[in-house]
Amino acid sequence: MSQIFTHEFNTPVYKGKTSFHTGLYINGKFVEGSDKTTIDIVNPATGKVIAKVAEATPKDVDIAVEAAQKAFDTTWGLNMGGSERSRLLAKLARLMEEHQEELAALEALDNGKTFSWAMNADTAVAIDTIRYYAGWADKIHGQVQETDEKKLTYSRHEPIGVVGQIIPWNFPLLMLTWKIGPALATGNCIVMKPSEFTPLTALRMCELIQEAGFPAGVFNLLTGYGSTVGAAISSHMKIEKVAFTGSTMVGRKIMEAAARSNLKNVTLELGGKNPNIIFNDADLDQAVNWAVHGSYWNHGQACTAGSRIFVQSGIYDEFLAKFTDRCRSLKVGDPFAPDSYQGPQASKAQYDRIMEFIQSGKDQGATVHLGGDRNGTEGYYINPTIFTNTTPDMKIVQEEIFGPVGVIIKFEDEEDVIRQANDTLYGLAAAVFSQNITRAINTAHRLKAGTAWINCVNQIHTNVPFGGFKQSGIGRELGEYALHNYTAVKAVQVNLGYVM
Ligand code: NDP
């Protein structure tokens, strides 16, 4: 029998109690891992252990895959119509709405993001995502291909079968919904691994999925490590598709494991080192506000973070002064304090990685214009940091830091900035600020990125495709595009008159 996690929130912004199982969720039941070991879950605001969750092993992956396959062959897949899948997803969205504050509080506790952002962004968009895919579930269809009058030819978009999904710690609940929404709408069964740093909302979701009435085995959750459970999912011979969000390095491992095992279909949403270009003719105050949001939202732990901020020389000094003032005013502190903008980084490992990047910036000769140090003495807080006087070869300019660190780079003209902006192995997102719409659109079109924002940053909609060019990923999430990741196209040809 798995353990129960109970927590009482008595905070200025939320008061309430939560209580749920912390076992593996396999075939509609919470169970211990095969080795009966557990993983400590740490509150990043204090560095203290708050929960223990079951640790899955590769053997548990086999058990979960078997349960998922059974569900696919009997109660789900082609055995359940789209309108019923739609009804279940809509019910799940309603249950999430009823528990939105609890889910947001759990996210703040486990990940360190502020309760207000978890309410207004993470959980709100997560609910929208499930509701959006509920709308798609009964609208999945192929086409009729006209060949000739002696044949009836059509295509079907069939579910793939058992799919593996591996999600990260920066948006734990949101990434779960981006993955399960299209997979369940199209009739697949899921074996999912959340990050072992932030599994609490995923565990709570198992109970809501159960309450919504999804048949046992349709959704299975395995809390465990990437090197064991993640590797077992990506190399499993009976998992026909794997979807991953995380680092480019692990994305590469997953693709390799897929190639070496059963050539499973792979979609990857990887990192970014996203340029944010601010021209002389931008609305300066708006550009400053958006650029701060772009670089420091979610503590910089966003794959879309616009952390390479290119500012044209005519406004550089004024921009830097205003940007610095805004960053100085960002309140770093308890995720449950009403005025906190930035909580702790999600884990000790991430805190250490960011501090190493900051040190490398100093060592390579960049100027720490603001911050660059720890905030407080407890937990994993880092002050919003600005680097100036960088060169293109520096690690802090080339690599994804995934922390509250922005790099401000002066540029002279359009050609120069487009060349610099595209000088990266990533291609996830980019932003352009200009009041000259022709310049803004021309620049957006020339940037090698899966998303280009004009006069805004970090805008995500459930119906707009999201994904990367270059080493930022393969495939698109959200919108109708995501459905294609989870269906296999079958052509059916019926002979109406040919005689052999
Ligand atoms: P990872 O890419 O290592 O982790 C993401 C997920 O993949 C986790 O669940 C992880 O499990 C799992 N994983 C790790 N190794 C394997 C493997 N061999 N096979 C299958 N799954 C595996 O990210 P980190 O947590 O280490 O963060 C490192 C950097 O990655 C960040 O600094 C950031 O730059 C980037 N990142 C990008 C994200 C994005 O949204 N694109 C999200 C998160 C990170 P486990 O935690 O047990 O290793």
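Details
- Within the stretch 20-104, strands (runs of 3 or more DSSP E) holding 2 or more residues that are of a type in the set (A, V, I, L, M): 24-26, 38-43, 48-54
- Enumeration of residues in the stretch 138-181 that are out of contact with any strand residue (DSSP E or B) (no Cβ under 8 Å at 6 or more places or on another chain), touching a residue at least 24 places away in the same chain (Cβ under 8 Å) and in a loop (DSSP other than H, G, I, E, B): Asp138, Lys139, Glu149, Trp169, Asn170, Phe171
- If you go through the stretch 168-193 and keep only what is under 18 Å from Ala121 (Cα atoms) and touching a Pro at 6+ places or on another chain (Cβ under 9 Å), you end up with Pro168, Trp169, Pro172, Met175, Leu176.
- Enumeration of residues in the stretch 365-388 that are surrounded by 15 or more Cβ atoms within 10 Å (Cβ to Cβ) and polar (S, T, N, Q): Asn375, Asn383, Thr385, Thr388
- Only one of Gln69, Gln100 that is among the polar types (S, T, N, Q) and either surrounded by 21 or more Cβ atoms within 10 Å (Cβ to Cβ) or more than 25 Å from Asp138 (Cα to Cα) (or both): Gln100
- Tabulated pairs, the stretch 15-38, first in contact (Cβ under 8 Å) with a residue 40 or more places away in the chain, second of a type in the set (D, E, K, R) and in a strand (DSSP E or B), C-beta under 7 angstrom, 6+ apart or interchain: Thr22/Lys52
- So Asn265, is it surrounded by fewer than 20 Cβ atoms within 10 Å (Cβ to Cβ), more than 22 Å from Tyr341 (Cα to Cα), touching a helix residue (DSSP H, G or I) at 6+ places or on another chain (Cβ under 6 Å) and among the polar types (S, T, N, Q): no
Conditions tested, residue by residue: (1) of a type in the set (Lys, Arg); (2) more than 16 Å from the ligand (Cβ to nearest atom); (3) touching a helix residue (DSSP H, G or I) at 6+ places or on another chain (Cβ under 9 Å); (4) under 29 Å from Ser247 (Cα atoms).
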site: Ser295; (1), (2), (3), (4): no, no, yes, yes
site: Gly300; (1), (2), (3), (4): no, no, yes, yes
site: Val311; (1), (2), (3), (4): no, yes, yes, yes
site: Cys327; (1), (2), (3), (4): no, yes, yes, yes
site: Leu330; (1), (2), (3), (4): no, yes, yes, yes
site: Asp339; (1), (2), (3), (4): no, yes, no, no
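- Of the helices (runs of 4 or more DSSP H) entirely within the stretch 371-478, those holding at least 1 residues that are touching a strand residue (DSSP E or B) at 6+ places or on another chain (Cβ under 9 Å) and within 16 Å of the ligand (Cβ to nearest atom) occupy 395-398.
- Residue count for the stretch 264-300 under the criterion of being under 21 Å from Lys448 (Cα atoms), charged (D, E, K, R) and in a loop (DSSP other than H, G, I, E, B): the result is 1.
- Residues (among the polar types (S, T, N, Q) and within 15 Å of His484 (Cα to Cα)) located in the stretch 115-159: Gln143, Ser155
- When Leu270 is tested against (1) in contact with a helix residue (DSSP H, G or I) (Cβ under 8 Å, 6 or more places away or on another chain); (2) within 30 Å of Val417 (Cα to Cα); (3) more than 7 Å from the ligand (Cβ to nearest atom), exactly one condition is not met: (3).
- Annotation note: of Thr377, Thr424, Thr388, the sole residue that is without any contact (Cβ under 8 Å) to a residue 12 or more places away in the chain and β-branched (Val, Ile, Thr) is Thr377.
- Residues in the stretch 143-181 that are on the phi < 0 side of the Ramachandran plot and of a type in the set (Gly, Ala, Ser) were compared, and the one that is farthest from the ligand (Cβ to nearest atom) is Ser155.
- Hits in the stretch 212-256 (condition: of a type in the set (Phe, Trp, Tyr), farther than 12 Å from Val162 by Cα and surrounded by 17 or more Cβ atoms within 10 Å (Cβ to Cβ)): Phe214, Phe244
- Test: residue in the stretch 441-460 that is surrounded by fewer than 23 Cβ atoms within 10 Å (Cβ to Cβ) and touching an Asp or Glu at 6+ places or on another chain (Cβ under 6 Å): no
- Listed by first and then second residue, the pairs linking a residue in the stretch 218-240 that is more than 19 Å from Tyr25 (Cβ to Cβ) and in contact (Cβ under 8 Å) with a residue 24 or more places away in the chain to a residue that is part of a helix (DSSP H, G or I) and among the basic types (Lys, Arg), with Cβ atoms under 8 Å apart and 6 or more places separating them unless they lie on different chains, are Ala231/Lys253; Ser234/Lys253; Ser235/Arg260.
Residues are listed down the side, and each one gets a yes or a no for (1) within 29 Å of Phe336 (Cα to Cα); (2) free of Cβ contacts under 8 Å to residues at least 24 places away in the same chain; (3) touching a helix residue (DSSP H, G or I) at 6+ places or on another chain (Cβ under 7 Å); (4) of a type outside the set (A, V, I, L, M):
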{"position": "Glu84", "(1), (2), (3), (4)": "no, yes, no, yes"}
{"position": "Glu97", "(1), (2), (3), (4)": "yes, no, yes, yes"}
{"position": "Gln100", "(1), (2), (3), (4)": "yes, no, yes, yes"}
{"position": "Asn120", "(1), (2), (3), (4)": "yes, yes, no, yes"}
{"position": "Thr123", "(1), (2), (3), (4)": "yes, no, yes, yes"}
{"position": "Tyr133", "(1), (2), (3), (4)": "no, no, yes, yes"}
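Laboratory data are not the source of any read-out in this text; all were calculated from the coordinates shown. Computed from a predicted structure; not experimentally measured. With ideal geometry, Cβ positions are generated from the backbone for all residues, glycine too; neighbour counts draw on all protein chains shown.
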